[in-house]
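The values are calculated or read from the model by the stated rules, or taken from the named source; none is laboratory data. Since this is a predicted model, take the numbers as computed values, not measurements. Using ideal geometry, Cβ is built from the backbone for each residue, glycine included, and neighbour counts are taken over all protein chains shown. Please note that ligands, DNA and RNA were not included when accessible areas were found on the heavy atoms of the full protein model with its side chains. Shrake-Rupley method; radii C 1.70, N 1.55, O 1.52, S 1.80 Å.
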Amino acid sequence: MATFEVELPHTEAECLAALVDQARNPETLPKFVWGCNAGKHIGWGTIEAANENAVRQQISKVLRDKAKVTPVDRFTAAQIKELEKMHS
Ligand SMILES: [Zn+2]
């Protein structure tokens with residue numbers, strides 16, 4: 001399993017249809033926060049999945065094509081110290 005940061009940009013016109021469609025996936029819906037009420041029509045979420053395709057399957061059809069899916073990692077303080085040593 002890998003961790004992916006998912007961005008779901010959409011227009012105001014697409015908003016309601018996108019949210020209604022996304023609500024059909026009750027497991028994925030709570031993984032997202034939305035800027036819609038602030039006038040910024042983007043959803044952001046973190047999804048654990050085997051690969052990017054598996055992530056896209058969990059995203060509303062209205063949003064899927066424009067979704068930006070990025071594999072992400074956490075760094076510990078110790079790992080960052082190692083990086084500093086390698087670059088000094
Ligand atoms: Zn919206």
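All conditions but one from (1) surrounded by fewer than 18 Cβ atoms within 10 Å (Cβ to Cβ); (2) in contact (Cβ under 8 Å) with a residue 12 or more places away in the chain; (3) away from the ligand (no atom under 16 Å from the Cβ) apply to residue 61; the one that does not is (3). Here residue 28 passes the criteria (1) near the ligand (Cβ under 9 Å from one of its atoms); (2) open to solvent by less than 60 Å² (accessible area, probe 1.4 Å); (3) among the hydroxyl-bearing types (Ser, Thr, Tyr) except the one numbered (1). Do you know which of the residues in the range 1-16 that are more than 9 Å from the ligand (Cβ to nearest atom) and either charged (D, E, K, R) or modelled with pLDDT under 95 (or both) is farthest from residue 70 (Cα to Cα)? Looking at residues that are more than 9 Å from the ligand (Cβ to nearest atom) and either charged (D, E, K, R) or modelled with pLDDT under 95 (or both), I get 1.
Among the residues of the range 64-81, are any open to solvent by 60 Å² or more (accessible area, probe 1.4 Å), free of Cβ contacts under 8 Å to residues at least 24 places away in the same chain and either among the β-branched types (Val, Ile, Thr) or within 14 Å of the ligand (Cβ to nearest atom) (or both)? Yes, some residue in the range 64-81 is open to solvent by 60 Å² or more (accessible area, probe 1.4 Å), free of Cβ contacts under 8 Å to residues at least 24 places away in the same chain and either among the β-branched types (Val, Ile, Thr) or within 14 Å of the ligand (Cβ to nearest atom) (or both). The selection criterion, being surrounded by 15 or more Cβ atoms within 10 Å (Cβ to Cβ), under 12 Å from residue 69 (Cα atoms) and within 9 Å of the ligand (Cβ to nearest atom), does not hold for residue 19. Filtering 39, 45 for residues that are more than 12 Å from the ligand (Cβ to nearest atom) and either under 14 Å from residue 70 (Cβ atoms) or at pLDDT 95 or above (or both) leaves a single hit, 45. Here the range 49-88 is the region considered, the condition is being acidic (Asp, Glu) and outside any helix (DSSP H, G or I), and the residue that is modelled with the highest pLDDT is 73.
In the range 31-58, the residues that are of a type in the set (D, E, K, R) form Cβ pairs under 7 Å with partners that are within 16 Å of the ligand (Cβ to nearest atom) and part of a strand (DSSP E or B), at six or more places apart or across chains, as follows: 31/45.
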